[in-house]
Amino acid sequence: MQRISYYFFRCLVYLFALMPFWVLYIGSFKLYVVLYYIVKYRRDVVYDNLTKAFPEKTAKEIKTSAKMFYKHLANITLESFKGFSMSHASLVKHYKVTNMEVLDNYCSNGQSVILVGGHYGNWEWG
């Protein structure tokens, strides 16, 4: 059974390697529809958390935020599979690093630096 799972996963990764990003995002929208409207994946939890985190927001604003969350979740899920097969050039194109001069100043002075990244977007690509 493990062998079958492994080969299924490898085929899935290979399919994502062949897929351009615009096709990936069409699939992402379909996944969003499935997660939000059909499966209703953890919808009560998402709404409850958003309501607690943003008590000043209206029900309409909470619904909009929830839908944005599910769209983002669908994007991240499919982008993660695509990440297994992305070339270095493609990673550089989709992953933007800003303010490198700040890091350069510390390094040129021989100082140690700790880099910290948030869990937003596909931080694994970094």
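Counting only protein heavy atoms and a probe of 1.4 Å, the accessible surface of the chain is 62% carbon and sulfur. Only lysine pairs 8 or more places apart or on separate chains count here, and in the chain those with Cα atoms under 16 Å apart total 11.
Where only protein heavy atoms count, and the probe is 1.4 Å, what is the accessible area per residue for segment 1-105 in Å²? The partial results should precede the final answer.
Numbers: 7980 Å² over 105 residues.
For segment 1-105, the per-residue accessible area is 76 Å².
The values are calculated or read from the model by the stated rules, or taken from the named source; none is laboratory data. Predicted model, so just to flag it, every value in this text is computed and none were measured. Just the protein is used for accessible areas: all its heavy atoms, side chains included, with ligands, DNA and RNA removed. Shrake-Rupley method; radii C 1.70, N 1.55, O 1.52, S 1.80 Å.
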